[in-house]
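A quick write-up on the structure given underneath.
A short reminder: the numbers here are calculations on the coordinates, not readings from a lab. Because the structure is predicted, anything quoted here is derived from the model rather than measured. Glycine also receives a Cβ, built like all others from the backbone with ideal geometry; neighbour counts cover every protein chain displayed.
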């Protein structure tokens, strides 16, 4: 398996969700005085030489990164991944949803090391339980994804079953594995839980 250097990796932030339950754009929601998307950008900047934002609005342009609209509109997160893979300068890409601010650089490195030269590698909990929006995607996935769009199928797990795919089990005792690793912020209550986690984390570091 080849090592992925920083300049060989593109980070893709999925920021296209409407945030209906939260009542506003999730990426623009604030956590401890900072936009959620800023946490994701900062984490990706440590491991990726290029960062792209998947969004069909202009709200994220103020962060100074390329904002990539969907080619296949209104087709969910797979459309955002597809558009950013097309725009990516690199073979290697790591996708993170904008509402998961606690995906650390250490975890991304673990996923890159665990991919075993497969085209997609995603965290796996058994059966069909994956984290497809926090995963490694090779640019070579594009033709397969486009064949699914042609068939009207926009489900990432179906793509996984049709491609060189690595399901990755996360070691329970790993330092980067914690209960908030994939914490999605969909509601105000989710924001409060994230704020409490950050407070406790900073208290432990003090």
Given (1) 52, 36, 33; (2) 46, 42, 32; (3) 48, 38, 34 as possible values of Cα extents along the principal axes in Å, the one from the coordinates is (3)
Among the stretch 130-147, those whose backbone N falls under 13 Å of a label point 7 Å along Cα→Cβ from residue 158 are 145-147
Can you give the % of DSSP beta bridges in the stretch 6-205 that are antiparallel, to the nearest 5? 40 percent
Residue-averaged [θ]222 nm for the chain, counting only DSSP H segments that reach four residues, each worth -39500 (n - 2.57): -9000 deg cm²/dmol
Neighbour-count ranking [beta-carbon atoms within 10 angstrom, fewest first] of 3, 144: 3, 144
Given the Cα-Cα distance of residue 109 and residue 63 and 0.36 nm per residue of separation, how much length would full extension add, in nm? 14.1 nm
Cα→Cβ-extended label distance, 7 Å offset, between residue 188 and residue 30, nm: 1.5 nm
Got a sec? Which residues in the stretch 106-123 would a label at residue 3 touch, if it sits 7 Å along Cα→Cβ and we count backbone N under 13 Å? 113
Ordered by fewest other Cβ atoms within 10 Å, a rough proxy for footprinting exposure, 35, 183 read 183, 35
Measure off 7 Å from each Cα along the Cα-to-Cβ vector at residue 129 and residue 147, then give the distance between these two points in nanometres to one decimal. 3.0 nm
Using the Kirkwood radius over C-alpha pairs as Rh, can you work out the diffusion coefficient of the stretch 87-162 via Stokes-Einstein at 20 °C, viscosity 1.002 mPa s, in µm² per second? 161 µm²/s
